[in-house]
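Read-outs throughout are calculated quantities, based only on the coordinates presented, and are distinct from any laboratory measurement. Keep in mind that this is a model prediction, so the values were computed, not measured. Cβ sites come from the backbone with ideal geometry, for glycine too, and all protein chains shown count toward neighbours.
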Amino acid sequence: MSAASSPSANVAPHSLQRTPLYDLHLANDAKMVPFAGYEMPLHYRLGVLKEHLHTRAATGLFDVSHMGQIAIRSRSGAVGQLALALERLVPADLVELGVGRQRYTVLTNVTGGIVDDIMVANLGSHLLVTVNAATKNNDLAHLRANMPDDCQIDMLADRALIALQGPGAEDALLPHAPAARSMRFMDVQRMTIGAVECVVSRSGYTGEDGFEVSVPATHADALVRSLLRQDNVALVGLGARDSLRLEAGLCLYGRDIDDTTTPVEAALEWSIQKTRRTGGKRAGGFIGAEVVLAQLAGNASRRRVGLRPEGRAPVRGGARIYLDETSDTAIGQVTSGGYGPSLTAPVAMGYVDLATSRPGTRLFADVRGIRHPALVAPLPFVAHRYRRD
Amino acid sequence: MDRKFTPDHEWVSIDGDIATVGITDYAQSQLGDLVFVELPKTGRAIRKGEAVAVVESVKAASDVYSPLTGEVVAVNEGIVADPALVNSDPEQSAWMFKVRLTDRAEVEALMDEAAYRQQIT
């Protein structure tokens with residue numbers, strides 16, 4: 001067996017960081033693994049499959065405290081200018097983002113590639129930017145290097161981040177945060193939970209309804225224990241987090257998007273509002289805008305698509321994609337792939353030449369030297385259930 | 001004869017010149033929930049140390065190596081149809097493949113149970 005190493009090989013190096021919920025993970029028999037410089041739970045007693053299915057049927061509770069939470073404030077008090085300043089780094093409309101709203105966007109580089117995908121929340125007094133764990137230090141440096149000196153940019157070091165996801169998430173959160181009931185998808189609010197100030201957004205990374213709660217680190221353990229005492233709330237690890245987001249067609253930075261993929265190639269153009277596109281009120285004006293706007297006009301050469309392998313074998317990231325069983329020239333590459341427990345079938349995402357990107361196109365992925373047929377499929381594989389009404 | 005083991009977490013049960021091979025309970029617990037199994041074709045000639053099967057969890061694929069040289073005479077279709085059997089009964093009903101041995105000396109070189117238990121604790 002190539003993957004089952006013996007115990008002596010599994011000792012974690014001392015340099016790995018721990019979230020405020022580390023002890024709680026161990027107390028719940030978590031299998032801990034290194035991820036983005038942290039010791040994180042891959043799964044708990046239930047295992048990846050059951051944790052995945054539980055999230056779609058009830059409520060999954062995730063520790064995502066390893067992610068970065070960055071506050072952007074104005075030193076001079078000109079809060080209204082913060083959004084305009086940040087618009088120079090992202091292709092989204094942030095000026096029209098109202099107080100109490102959050103938006104998904106990307107930080108771009110000079111070639112239109114993606115530095116990271118982020119959430120930007122308008123909290124009135126400041127902007128709160130949530131970033132990926134593996135890139136958070138780089139993102140902080142990128143923001144500081146490119147925002148005006150008048151902006152104070154700090155990584156919040158003393159907060160945990162907990163995600164509650166699934167059809168039961170609202171019921172699970174309500175006893176702690178009654179105001180959650182009136183929140184729509186992508187609303188974000190400050191609220192007091194158990195006498196401490198939290199920031200709650202109605203959002204997540206699973207395609208399900210749910211909430212992300214930023215809580216002071218000192219109170220994270222108590223809040224999670226309290227949430228877990230409720231019916232049908234179960235801890236869910238990073239293994240299921242990955243299979244859930246894959247089924248939801250959501251990108252993983254470093255796999256499906258990176259500094260060589262533009263948001264247009266990545267099929268994220270929905271996140272570029274009209275005001276920032278050619279002809280819009282504040283067209284372009286962000287790093288790499290020339291490349292991105294030209295691609296919006298139709299010259300991207302490749303596109304991220306969903307793939308449904310026809311057989312049972314998973315097709316994983318790195319697999320080359322071909323038009324047929326024999327040609328030597330790859331027309332694409334899988335970036336994420338695995339098994340979708342809610343579909344009981346393998347699913348994958350990858351980039352293919354634009355001409356081959358139409359759903360229904362039959363392509364072939366090389367898995368261990370054999371060409372496996374796969375159909376281009378629309379994303380998401382599992383329909384999103386966001387509460388937009 | 002008593003079961004033998006490999007450092008790569010395969011178990012071997014010998015009956016005459018037929019060896020039945022599977023992965024250990026330790027291996028399945030390390031892999032997590034399995035969702036796909038690929039087995040060699042019967043009739044295939046395999047060598048000791050060769051990667052002959054694949055087990056896949058939600059997250060990753062792992063090779064299973066043959067502990068012995070010989071010919072594949074049977075494979076367990078049941079685990080192809082239901083990979084979760086490997087998690088629930090890895091050392092009995094979820095055997096993987098049977099090999100007709102060509103070199104008995106290889107059997108002597110395998111670990112006994114005590115040595116394997118020592119490796120995994």
(message) Just checking the output field for B:59-70: average partner chain Cβ neighbours within 10 Å of each residue's Cβ?
(response) 3
(request) State, as an integer percentage, the relative contact order of chain A based on alpha-carbon contacts under 8 Å between residues 6 or more apart. (result) 17
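Give the order of A:HIS25, B:HIS9 when sorted by the count of other beta carbons within 10 angstrom, beginning with the fewest.
Fewest-to-most Cβ neighbours within 10 Å comes out as A:HIS25, B:HIS9.
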(request) For the protein assembly as shown, build the charge dipole from Cβ charges (+1 Lys, Arg; -1 Asp, Glu) around the Cα centre, then report which of A:PRO216, A:ALA177, A:THR206 sits farthest towards its positive end. (result) A:ALA177
(message) Quick check on chain A: take the gyration tensor over C-alpha atoms, sort the square-rooted eigenvalues as a ≥ b ≥ c, and tell me if it's rounded (a/c under 1.5), prolate or oblate.
(response) oblate
(message) Once you order the gyration tensor axes a ≥ b ≥ c over the Cα atoms, which shape class does the stretch B:4-119 get: rounded for a/c under 1.5, otherwise prolate or oblate by comparing a/b with b/c?
(response) oblate
(message) With a cut-off of 8 Å between alpha carbons and a minimum separation of six or more residues, what is the relative contact order of the stretch B:1-78 in percent?
(response) 25
(message) With +1 assigned to the C-beta of every Lys and Arg and -1 to the C-beta of every Asp and Glu, and no other charges, what is the dipole magnitude of chain A about the Cα centre in debye, to the nearest 20?
(response) 540
(message) To check you understand DSSP bridge types, tell me what percent of the beta bridges within the stretch A:12-297 (both residues inside) are antiparallel, rounded to 5.
(response) 90
(request) Beyond 32 Å between alpha-carbons counts as too far, so tell me which of A:LYS50/A:LYS274; B:LYS59/B:LYS98; B:LYS4/B:LYS59 fall in that bin. (result) A:LYS50/A:LYS274
(request) Just report the Cα centroid separation between the stretch B:65-121 and the stretch A:216-287, whole Å. (result) 42
(request) Compute the signed sum of charges (Lys and Arg +1, Asp and Glu -1) over the other residues within less than 12 Å, Cβ to Cβ, of B:GLN119. (result) -2
(request) Work through the residues other than A:THR218 whose Cβ is under 14 Å from its Cβ and net out their charges, Lys, Arg +1 and Asp, Glu -1. (result) -2
(request) For a footprinting-style exposure proxy, rank A:VAL233, A:VAL291 by other Cβ within 10 Å, fewest first. (result) A:VAL291, A:VAL233
(request) Please get the size of the charge dipole for the stretch A:241-306, origin at its Cα centre, with Cβ charges of +1 on Lys and Arg and -1 on Asp and Glu, quoted in debye to the nearest 20. (result) 320
(request) Just tell me how shielded B:49-56 is by partners: mean number of partner chain Cβ atoms within 10 Å of each residue's Cβ, no decimals. (result) 3
(message) With unit charges on the beta carbons (Lys and Arg positive, Asp and Glu negative) and the dipole taken about the Cα centre of the protein assembly as shown, which residue among A:GLY337, B:ALA61, A:VAL382 sits farthest to the positive side?
(response) A:VAL382
(request) Taking the Cα centre of the stretch B:4-119 as origin, sum charge times position over the Cβ atoms of Lys and Arg (+1) and Asp and Glu (-1), and report the length of that vector in debye to the nearest 20. (result) 240
(request) Could you grab the relative contact order for the stretch A:238-389? Cα pairs under 8 Å, six or more apart, rounded to a whole percent. (result) 26
